[in-house]
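Colleague: Can you read through this structure? Questions will come right after.
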Amino acid sequence: MKITAGKVLLIVLVIVVAITAAVCFKLFWSAGRTLFDLLNENRKLRQAVANLTAESQIGYAKVLTQEMRDGRLVTRVRFVETQRDEPRRIVLEKEYDIEGDVVHFDALIVKFAPQYVSDGRSRALYLWRRVYGEKMKPEDGFLIETPGSELRRYSAISSALSTRDRALFWTEIWKLSNDPLRLHDAGISAVYGNDVYQQLKPGLIYLFRIGNNGQFYLETAPQM
């Protein structure tokens, strides 16, 4: 059968329309996805969440200097976050000058429902938010992590996701800091404003600890 130029053009046009429709559908489908979809569709992500066992030590703080400046006591604090399951490996380190000697460390604890793990126990991860002194308003505190950013400590979670899905995951997780019940229907909740504070003194190490149930607390030890 002889194929005319018109038929060839029609075939090409049909192929182009089909490809365009497929691309548009994929983009629309991806744009409409939620964190609930990711957790239910991505086996590797669920496994990474299931591996969020008891965290134990997650970092520490110590006083570098404590001195009077213009009639005010100022404490210079070194804040350190450590690698999961490897407390000697540093993944984040910052220093802050805080007026006074009582310092607050604010973290957002994110809890995943038991439905996402095989043993039926909830899991939690945390996002460091800010550090501030007793003479500051919490909202004026110094940032620790950048809101919306991926967390190096949870590289296994990021590795389980595509670039697009990774951005969706961390964006939604960080939004919990402003709306703790945002993902409640999807089995994810946030313990908002979960901070610990301590009167800091030179010569001591202040260890941050967290359990898989989201319990967040400080332990004090002599500096070695």
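Colleague: Given the residues V91, V103, which is the only one that is touching a helix residue (DSSP H, G or I) at 6+ places or on another chain (Cβ under 6 Å) and in contact (Cβ under 8 Å) with a residue 60 or more places away in the chain?
Modeller: V91
Colleague: Still on this structure: Within the range 168-194, can you find the residues that are of a type in the set (D, E, K, R) and surrounded by 17 or more Cβ atoms within 10 Å (Cβ to Cβ)? Spell out how you get there, then give the answer.
Modeller: Taking the range 168-194 first, the residues of a type in the set (D, E, K, R) are 172, 175, 179, 182, 185.
Hits for the range 168-194 are E172, R182.
Colleague: If you don't mind, another one. Please tell me if E41 is closer than 30 Å to I205 by Cα, at pLDDT 85 or above and out of contact with any Pro (no Cβ under 6 Å at 6 or more places or on another chain). If you could, list the steps in order and put the result at the bottom.
Modeller: Numbers: closer than 30 Å to I205 by Cα: no; at pLDDT 85 or above: yes; out of contact with any Pro (no Cβ under 6 Å at 6 or more places or on another chain): yes.
In short, no.
Colleague: Can you tell me how many residues within the range 130-149 are surrounded by 13 or more Cβ atoms within 10 Å (Cβ to Cβ) and among the β-branched types (V, I, T)?
Modeller: Total satisfying the criteria: 2.
Colleague: Do any residues in the range 205-224 that are in the same structural domain as T65 (by TED's automatic domain parsing) and assigned to a loop (DSSP other than H, G, I, E, B) have Cβ atoms under 8 Å from those of residues that are among the basic types (K, R) and at pLDDT below 80, where the two are at least six apart or on different chains, and which pairs are they?
Modeller: Sorted first by the residue in the range 205-224, then by its partner, the pairs are N212/R121; N212/R123.
Colleague: Right, next: Being modelled with pLDDT under 85, surrounded by 11 or more Cβ atoms within 10 Å (Cβ to Cβ) and touching a strand residue (DSSP E or B) at 6+ places or on another chain (Cβ under 7 Å) narrows it down to one of Q66, Q57, so name that one.
Modeller: Sole residue among the options that is modelled with pLDDT under 85, surrounded by 11 or more Cβ atoms within 10 Å (Cβ to Cβ) and touching a strand residue (DSSP E or B) at 6+ places or on another chain (Cβ under 7 Å): Q57.
Colleague: OK, next. For the range 150-167, give me each residue that is surrounded by fewer than 19 Cβ atoms within 10 Å (Cβ to Cβ) and among the β-branched types (V, I, T).
Modeller: Once the filter is applied, which keeps residues that are surrounded by fewer than 19 Cβ atoms within 10 Å (Cβ to Cβ) and among the β-branched types (V, I, T), the range 150-167 yields only T163.
Colleague: Which residues, counting only those in the range 37-54, are charged (D, E, K, R) and either surrounded by 14 or more Cβ atoms within 10 Å (Cβ to Cβ) or touching a residue at least 24 places away in the same chain (Cβ under 8 Å) (or both)?
Modeller: As a first pass, look at the range 37-54 and keep what is charged (D, E, K, R): 37, 41, 43-44, 46.
Answer for the range 37-54, where residues must be charged (D, E, K, R) and either surrounded by 14 or more Cβ atoms within 10 Å (Cβ to Cβ) or touching a residue at least 24 places away in the same chain (Cβ under 8 Å) (or both): D37, K44, R46.
Colleague: Taking the residues in the range 75-96 that are among the acidic types (D, E) and under 15 Å from S155 (Cα atoms) as candidates, determine which candidate is surrounded by the most Cβ atoms within 10 Å (Cβ to Cβ). Explain how you work it out, then say what you get.
Modeller: Narrowing the range 75-96 to residues among the acidic types (D, E): 81, 85-86, 93, 95.
Subset that is under 15 Å from S155 (Cα atoms): 81, 85-86.
On the way: E81: 20, D85: 10, E86: 9.
Among those that are among the acidic types (D, E) and under 15 Å from S155 (Cα atoms), it is E81.
The values are calculated or read from the model by the stated rules, or taken from the named source; none is laboratory data. Since this is a predicted model, take the numbers as computed values, not measurements. Glycine gets a Cβ as well: all are built from the backbone with ideal geometry, and neighbour counts include every protein chain shown.
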